[in-house]
Amino acid sequence: MISAILTSTQRQAASLRIALIGKDVKAATIAEDVVLSLKTGSVIEEVRAFGREIEIVFDDGLVLRTKMSLRGSWRVFHIADWQRKKRGSAKVLIQVENLIAACFDPSEVETHHDFDPRRHPLLGRNGPDLSDPKTDLDLCVDLMVEYQDADATIAEVLLDQRVMRGIGNVFRCELLWTCELHPWAKVSSLNRDECRELVSIAAEMLQSRHLSHDRTLAVYGRHGKECERCTGQVRVTHHGEANRVLYWCADCQIRHAGTSSSRYVTEHDTPPGVHPAEFIYLSELEHARKLG
């Protein structure tokens with residue numbers, strides 16, 4: 001059996017990727033002593049495996065880390081099957097659509113935020129919250145126009161808590177697509193009216209809960225699929241100092257493409273049309289074969 005070449009942790013992570021990546025969290029419970037709780041509505045971006053540890057990364061930068069004991073495991077259930085099962089020693093439960101991922105008997109459970117220098121509170125006060133109808137949008141515009149790093153990309157600035165709050169990674173991808181902006185266009189290339197347009201659209205989408213649980217996403221999680229606006233192909237890269245995943249359409253997101261900066265851009269090597277979970281699994285399998 002080829003899966004026997006992989007460790008149990010790698011096999012569990014592969015199952016979690018298939019079940020969770022790109023999905024909304026409908027409900028979640030976690031050990032009481034964990035400082036940061038999981039939020040419903042957040043989207044699962046990545047599942048990482050290191051030794052006996054599994055990390056689940058959410059679109060707001062939150063990371064759930066579980067270290068497995070010898071008896072510990074992650075398992076995925078259909079809701080109907082889970083309802084017939086006693087919860088027992090499950091320390092973490094994550095529900096997405098009709099599935100539940102449960103972590104049994106971990107030796108450690110903790111949550112933290114992936115380090116992103118633009119989100120660190122020590123680097124300055126937080127900017128206005130765009131989800132608040134009373135927020136000062138002009139202040140956000142001023143902070144964008146006067147952004148200290150002229151070479152920073154608009155994709156980086158949208159996640160900078162010092163400029164504005166409320167934008168997670170899924171929302172960032174969808175906002176850039178809506179505005180037809182090239183993700184790595186330099187923020188300094190946008191004039192004040194364009195900054196105002198971007199901030200206004202972002203606030204309107206956030207306040208109207210545009211990305212609701214039953215929404216259809218235009219680009220996020222659609223690597224290799226057809227863009228619904230131009231029929232081009234949706235692409236995915238990793239971007240920024242925090243190396244966050246970013247989905248976009250290279251055929252129609254061309255505003256300010258001529259000013260784009262390639263710093264902190266890492267091309268994603270998943271072939272178009274291939275599920276990321278499948279690609280990672282096969283890559284790990286090939287690596288294990290070479291070692292074995």
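Report the gain in length on full extension from E110 to S15: 0.36 nm times residue separation, minus Cα-Cα distance, nm rounded to one decimal. It would help to have the intermediate numbers written out before the result.
Details: separation 95, 0.36 × 95 = 34.20 nm, distance 2.08 nm.
Value of the extension gain: 32.1 nm.
The fewest-to-most ranking of Y220, Y147 by surrounding Cβ atoms within 10 Å reads Y147, Y220. Given the pairs K23/K67; K26/K91; K23/K134, which are separated by over 19 angstrom at their Cα positions? K23/K67; K23/K134, as the Cα separations exceed 19 Å there.
Here C230, C140 are placed in order of increasing Cβ neighbour count within 10 Å, fewest first, which gives C230, C140.
For a quick check: sort I21, I201 by the number of other beta carbons within 10 angstrom, fewest at the front.
I201, I21
Values in this text are rule-based calculations from the coordinates and carry no lab data. Since we're looking at a predicted model, the values are computed, not measured. Backbone-built Cβ (ideal geometry, glycine too); neighbour counts: all protein chains shown.
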